[in-house]
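Before any comments, here is the structure.
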Amino acid sequence: SDALIRLFVNLVDNAIKYTRSGTITIAATRPVDHQIVVTISDTGMGIAAEHLPHIFDRFYRIDVARSTEGMGLGLAIALEAACAHGGDITVNSELGRGTTFTVQLATT
């Protein structure tokens, strides 16, 4: 669906924006029946721990210096799309070392 396309485009776009040099990795697995797990990892600037609980909130932006684009809606829209398809998004990040978003989706 279009919502899933937006979800993945947003996550990949963020990985590109916040990884000036380094690696971006996308992987998909099917760990159990009726589920697919997609990870998008980068070796970019990372996200400080205090911001992680808020990054999926509408209009939340870490700071203006990180990006001159966007309104702080992309991750909220991505999470809504995942939930609408029986899934979820989780994030692991370390400032200065990179970020991994894990998207879990039901396939039924």
Could you please state how large a percent of the accessible area of the chain is carbon and sulfur, counting protein chains only and using a 1.4 Å probe?
56
Between the helical axis of 2-17 and the dominant principal axis of the chain, each derived from Cα atoms, what acute angle in degrees is found, rounded to the nearest 10?
30
Length gained when the stretch Asp13-Asp88 is fully extended (0.36 nm per residue, less Cα-Cα span)
25.1 nm
Asp57 and Ser1 label points (each 7 Å along its Cα→Cβ direction) are spaced in nm at 2.7
Dipole in debye (nearest 20) - the chain, about Cα centre, beta carbon charges: Lys, Arg +1; Asp, Glu -1:
200
Could you work out how far helix 74-84 tilts from the main Cα principal axis of the chain, as a 0 to 90 degree angle to the nearest 10?
10
Give the accessible surface of the chain per residue, rounded to a whole number of Å², with probe radius 1.4 Å and ligands, DNA and RNA excluded.
60
Percent breakdown of C-alpha pair distances by 5 Å bin, ordered from the shortest bin, for the chain:
2, 12, 23, 27, 20, 11, 4, 1, 0
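The values are calculated or read from the model by the stated rules, or taken from the named source; none is laboratory data. Model, not experiment: these values are computed from the prediction. With ideal geometry, Cβ positions are generated from the backbone for all residues, glycine too; neighbour counts draw on all protein chains shown. Keep in mind that these areas ignore ligands, DNA and RNA; they rest on the heavy atoms of the full protein, side chains included. Shrake-Rupley method; radii C 1.70, N 1.55, O 1.52, S 1.80 Å.
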